[in-house]
Structures are given as structure tokens and as C-alpha cells.
Amino acid sequence: MSALSTVEPLTATPSDAERLFGADWASTLSVAHRWMTLGRVYDARMQALQRQGRIGFYGASTGQEAVNVATGLVSRPEDWIFPGLREQLVALVRGYSLTEYTHSIFADALDPAHGRQMPCHPTARGVHHISMSSVIGTQISQAVGLAYGLKLRHDPGVAWAFFGDGATSANDFHAGLNFAAVFGLPVLFGCANNQWAISVPVAHQTASESLAAKGAAYGIPGRQVDGTDFFAVYGALTEALAEIRAGKGPRLLEFLTYRMTPHTSSDDPTRYQPGDWAERGQRHDPYVRLTEWMRLHGLLTPDREAEEQARADTAVREAVAAAEAAPPPAPDTLTEDVYSPHSSAHRGATP
Amino acid sequence: MSELTIVQAINRALHEAMQHDPNVLVLGEDVGVNGGVFRATEGLFKEFGADRVIDTPLSETGIVGTAIGMALYGLKPVAEIQFLDFIYPAFDQIVSELAKMRYRSGGQYPCPVVIRTPYGGGIRGGLYHSQSTEAYFAHTAGLKVAIPSTPADAKGLLLTAIHDEDPVIFLEPKRIYRSVSGEVPDGDHRVPFGKARPVRAGDDVTLVAYGAMIPPTVEAAEMLEKEGIGAEVLDLRTLVPLDEEAVVRSVEKTGRAVLVHEAARCCGFGGELAAILAEKAFYSLKAPIARVTGYDTPFPYALEHAYLPNAETIAHAARGAVRGG
């Protein structure tokens, strides 16, 4: 962990916290911090396993934990999550099993998707987490269609469409925001702007003053939020969700974060990031910012932190052990699920 | 039974499906108030309302992406793409998402979207209102591809598509939308996928076609009959699933195959059929397999009559197969 003096301190007061999280604010923050610890431990462990050749690929969400954990806590079970690239932790906070997720990272026989996707592309229907695609932006208009269903059936729930800064240049960002606004649908568009689309900085992605400002063209209120300030993220989400749930139509939130790792395990950011980027990211590390605030207000003690760390280490170690003990997917799963099991459409080469 | 044109039969199928199941809805450009530019959705808006007959903004990727989200929620969206030529902005959604959703989720997220779209030439539509690119979709695992050629099949295949658990690309032969009419069974008439329609029997040569190529293929068979050549005509109805058995069985009987489509020849579906016949009916073949197809050019405007297969070019290929040369 980086030296504490290097982070921008969070400015919330305990009474701000009470206003945001209610009388139980201390326990909400403890829960949030536990999830952020798990996310941090998991990312570090998986990046190491990738380097050891034990998993094929990994894309970390380090730096984005405040957004993911706040989303997990603010969303409701009847909501649906359409992930962008780095929202895996959202599924876990919403109740997805860490062990099952880890089976998907190892693409083994116990991965419910039978190892068909690269690591970090989970599907978790039980917690309404839509199957993640590697294609940029396509999930945005899909979320709009699901929200249409919610509205048509008068069902409660919000469709959450996540995407990165690069996706705001893609076709479905435009189509999705436009459709959602025209039809007045319950969609939360969440842009995790980590300022890099692999090597292209956000200033080369758009000439717009912000990504949130793009909402105005569609008639969607947009707001830029410090995505590394857990209080700010939680507050912005709560407000936006209250409006969406009240039937006021879609909202766009841009979470300004810092990508603190390479794009993925296949990327070398020293080729394109300025020398001081890592330091800037560390100054806005959402985990350390919250940790420091909680220490300051007596919510974390050294013992408590060590205990939390040990708990996360154990959970990750057990999940990895289970995954490494599982066999690879059975060969006959290769041709399953192309079509419905009731269909005879599949033909041609089979193993 | 009712006497209907193809476009009326499609309209009837949509109407009955929407009456029967409140989850069925229609979305696309101009499909609501206007009833569709070909009038396939005529009357639906009035009966079922704007919530279920949705005039969308002009974006094919938005239409298909939205339809995918609807299907994920358990609705039965029937999306209309105004012309197959305009489907390409949605190609990413169709190929990357729709076709793969069930597979990549391990069966957790089936995605039964129906995409209806008029295809094909012969209507003076030029490059962008005439294409026949069914092979792109047949090539993509996870999609089914249906192409009716009669009013009864238009209704029956569309109802099967709407009840199917998988995504279906439903290609409508717009050239014969109104020129072909016929008896259409009332009620829940469904035509199963993967069963070719034997159009006429013959012993000397098998003509395989689908969609708007059926009328000229039948006309060719009638010409050949007068010349003493018995031509069997098979209408594939669906390319995926394909009734491989019917094609192979027929060619085993006749020993000759002429494969007809208006799509360009290179990597057209006829190539796939030829490969199957080479693999499975090779020892029955008495003559080289012949393909009668569109040219490997963009679709032309003034010369479309030269581009498209017709009864004479189909019959010519069949004569060549039967008599040699």
C-alpha cells in the first residue's frame, strides 16, 4: 500500500456520512471497505497468477473499486447490471459467489459458461449480471431494451449500463442514450472514465468538455463525479437512482477515476503513459482514500485492518484452490448452447 | 384458409402472434403509425398501441441492441430492419451479441429475437435496396435463417420463428411480396424449421433454391419438362437449420444438382450446398454441380435483369448438367 500522506484526503464529515448512509453509517462503510479490500487482494493475486502462467489473462479494476462497491450497495436485487470492462466486483457485492467467479477466471469445468470466455467475462444470472462481452459499447443499447421491458410490465428495477471513456465514441453509446431518452426509460448510464482507452487518453477520445456533458445532446441530465471518492460516488448514485426510480427517465454519471494498472495483462503502459501517471493515480487511490478517512475517524484499527486483510487473503486462496482442483471443461460442451437444447439446428464439424 | 399475398401473410402472422402473447412486440423504423414502408405491420399500431408497436429512432444498431435487451428480459421482440441492405450498422449486435449470448453465458441468457427484413433484387432498387446477403448470417453460429417463398410458408415460418428459443434472421422476398398469392391456413399454422419443401418431383436433375428464386426455378422446371427433362425443385425454407437430408436424397436420385441463388457466387450459400453434395453424394453425381447465382459485383441498378438468375439461365444450367456441355 502506498504511503498514506500521498493521497488526497476525503472531505466528507461524519455528519455527511450519516446523511448518506443513515444511522448505520459506520457499518455501511465497514462493509464497503471490506469489499474494496477483497477487490484489491483479488486483483493483486490474479495478476500474479497470470504472470506465473496459471491463468491466461487478467484485467484488473484497481482504482475503480469505489464505483463498483457503491454500485453493488446502492443497486437493488431487481436491478440489472450490463457491465463494461471492469465491473466484476459489482456482481460479487450483489451476491455472486467468489468461488464460481474464480472458476470462470480459470475457465474450468465448474465455470457455468464452460470456459467459453476469457477471464474477467463472467455471467451471473442469479444476481442479474448480464454476460460480459469484449465488444465495446454494445451493452449500452441492450440495457435500454431491458429497461423497456421493465417499463412495459410496470416492474420495479433499473438497468445499469456501464462503459468506459472509449465507449463514448462508439455507435451504441449514441444509439443507447438516444433511445433511452426518447422512450423515457429507467436506465443509469455509468461511465467509468479511467482516462485511458488502452493507450489513447481521453483528450484524444473527445473534444467535449466532459463525457457527462454529452448527456445534454440527448436530453439526459449528466454529471461528472470524483469516482475515487466513495462518498461522492455513493451520493451521486443515490440521487440519480431516486430520480430514475421516480420515473424521470435516464441519467448519465461520469465517474472520473485513474486506471492504476495496465489495461490488461497483455498491455505495457510504459509505452504511452506519462512518467508521473502512477503517482497521480496513487494520489487518487479510492481504497487508500477511504482507508485513511476511516482510520482518522476511528473506524479502522491496525488489528481490524490485519483481520480484514487476512480474511480476504483466505477467501481468495480458497477460491483459487477450488478452481485449480477443477478439471477443464468436458470436450462435448464445445457444441452445447449454440442453440437451444430443443433445437436441431447445429450441424457440421463436431469434436 | 384465406387467400393472401406474402406480405399479407406476414402481417397476419404478426397480428395473431401479438393477439396470442402480450410479450410479442414489434419495433423498427416506420413500423408504427405508417405500418411499415411495405405495409407488413399495417394495422398493428392501431390494435396494439405504441407500447408494443414501436416506431424507433433511425438506428439499426439501436433497434437490434434494444431488441436483445427486451429478449433478455423475457419479451419476444420482432425487429424490422427496413431493407437487408441497411442491416450492417446492426451487424455487430447480431454477430457479436445476439448470436453468442446463449453460448457465452452457458445457456443462462437465451436471446430469442426475430429480425424481419426484406431482401433481394428485381424491384429496381439499385445497390442499397436489393442485396441478398443471407450467407453472412448462415455463416454465424447461433443464428437461424429462414426465407419463405409462399404466403403459407411466410406465415408458418414466421410463427415458428416467433416461438423459437433462438434468434432468427427472417428474410422476406420483397420481389414477390405481392406478386405471389395463395391459400394460407388460419390460426396457429407453424411450418417447422429444417424441412425443405418439395415443390415438384423429377428424375433427371435437382434444382435447389429458396425465397424469390423459387418462381423462376419453377418456371425453368416447366420449360425443361417440355423438353423431356424431369426437374425436381426443392425450396430450402431455412438455411439454418438446413434440410441436408432432403438435398442429398434428391441428388442421389437425380444425379445432377443446380444450385440457385441471387446472392453473389463467391461464398454464397450454393458453395456450402456444393460442398455438402461433394462430401455426401459424390458417387451419385453424373455431372458437375452447377451454380446459377448473382455476379460477384455490387448489385446493379440498370442491369439488374442481367445480374439476376432467371428461368432461362436456370434451365440452361440444368440442360448442361443433363446433356453435358
> Of the numbered conditions (1) closer than 30 Å to A:Ser210 by Cα; (2) in contact (Cβ under 8 Å) with a residue 12 or more places away in the chain, A:Ala312 satisfies every one except a single condition; which is it?
Replying inline: (1)
> So which residues in region B:81-96 are of a type outside the set (A, V, I, L, M, F, W, C) and in contact with a helix residue (DSSP H, G or I) (Cβ under 8 Å, 6 or more places away or on another chain), if there are any at all?
Replying inline: B:Asp85, B:Tyr88, B:Pro89, B:Asp92, B:Gln93, B:Ser96
> How many of the residues in region A:124-138 are within 8 Å of chain B (Cβ to nearest Cβ) and either in contact with a strand residue (DSSP E or B) (Cβ under 6 Å, 6 or more places away or on another chain) or hydroxyl-bearing (Ser, Thr, Tyr) (or both)?
Replying inline: 4
>> Please return the ranges of strands (runs of 3 or more DSSP E) entirely within region B:172-215 where 2 or more residues are open to solvent by 10 Å² or more (accessible area, probe 1.4 Å).
In response: B:181-184, B:197-200
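Looking at the structure I just gave you, is A:Ala181 at pLDDT 95 or above, open to solvent by less than 40 Å² (accessible area, probe 1.4 Å) and of a type outside the set (Ser, Thr, Tyr)? Break it down into steps so the answer makes sense when it comes.
Values: at pLDDT 95 or above: yes; open to solvent by less than 40 Å² (accessible area, probe 1.4 Å): yes; of a type outside the set (Ser, Thr, Tyr): yes.
Judged against the criteria, A:Ala181 is a match.
To keep it simple, each residue is scored yes or no on (1) more than 18 Å from B:Lys155 (Cα to Cα); (2) polar (S, T, N, Q).
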position	(1), (2)
B:Glu183	no, no
B:Asp188	no, no
B:Asp203	yes, no
B:Thr206	yes, yes
B:Gly211	no, no
B:Ala220	yes, no
B:Leu224	yes, no
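Inside region B:84-100, can you point out the residues that are open to solvent by less than 40 Å² (accessible area, probe 1.4 Å) and either in contact (Cβ under 8 Å) with a residue 60 or more places away in the chain or over 16 Å from A:Asp172 (Cβ atoms) (or both)?
Answer for region B:84-100, where residues must be open to solvent by less than 40 Å² (accessible area, probe 1.4 Å) and either in contact (Cβ under 8 Å) with a residue 60 or more places away in the chain or over 16 Å from A:Asp172 (Cβ atoms) (or both): B:Leu84, B:Asp85, B:Ile94, B:Leu98, B:Ala99.
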> Does A:Arg116 meet the test of being within 30 Å of A:Ala278 (Cβ to Cβ) and either open to solvent by 30 Å² or more (accessible area, probe 1.4 Å) or not acidic (Asp, Glu) (or both)?
Replying inline: no
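May I ask you to list the residues in region B:48-64 that are surrounded by 21 or more Cβ atoms within 10 Å (Cβ to Cβ) and touching a Leu at 6+ places or on another chain (Cβ under 9 Å)?
Taking region B:48-64 as the starting set, the residues that turn out to be surrounded by 21 or more Cβ atoms within 10 Å (Cβ to Cβ) are B:53-54, B:56, B:59-64.
The answer is B:Val53, B:Ile54, B:Thr56, B:Ile63, B:Val64.
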> Which of the residues that make up region A:43-71 are outside any loop (DSSP other than H, G, I, E, B) and open to solvent by 10 Å² or more (accessible area, probe 1.4 Å)?
Replying inline: A:Ala44, A:Arg45, A:Gln47, A:Ala48, A:Gln50, A:Arg51
> Does region B:295-325 hold any residues that are of a type in the set (A, V, I, L, M), closer than 19 Å to B:Leu224 by Cα and under 20 Å from the mean Cα position of the chain (by Cα), and which are they?
Replying inline: B:Ala311, B:Ile314
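Hey, among A:Tyr287, A:Tyr272, A:Tyr258, which residue is aromatic (Phe, Trp, Tyr), open to solvent by 40 Å² or more (accessible area, probe 1.4 Å), out of contact with any Cys (no Cβ under 9 Å at 6 or more places or on another chain) and within 30 Å of A:Ala197 (Cα to Cα)? Quick ask: steps written out before the conclusion?
Numbers: A:Tyr287 fails: open to solvent by 40 Å² or more (accessible area, probe 1.4 Å); A:Tyr258 fails: open to solvent by 40 Å² or more (accessible area, probe 1.4 Å).
Of A:Tyr287, A:Tyr272, A:Tyr258, the one residue that is aromatic (Phe, Trp, Tyr), open to solvent by 40 Å² or more (accessible area, probe 1.4 Å), out of contact with any Cys (no Cβ under 9 Å at 6 or more places or on another chain) and within 30 Å of A:Ala197 (Cα to Cα) is A:Tyr272.
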> Give me the pairs: first residue in region B:183-195 and away from chain A (no Cβ under 11 Å), second residue loosely packed, with under 13 Cβ neighbours inside 10 Å and assigned to a loop (DSSP other than H, G, I, E, B), beta-carbon distance under 8 Å, and six or more apart or on different chains, which are they?
Replying inline: B:Glu183/B:Met1; B:Val184/B:Met1; B:Pro185/B:Met1; B:Asp186/B:Met1
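The values are calculated or read from the model by the stated rules, or taken from the named source; none is laboratory data. Nothing here was measured: the structure is a model prediction, and the numbers come from that model. Methodologically, a virtual Cβ is constructed for each residue, glycine included, from the backbone with ideal geometry; neighbour enumeration extends over all protein chains shown. Accessible surface is based on the protein model in full, side chains and every heavy atom, while ligands, DNA and RNA are left aside. Shrake-Rupley method; radii C 1.70, N 1.55, O 1.52, S 1.80 Å.
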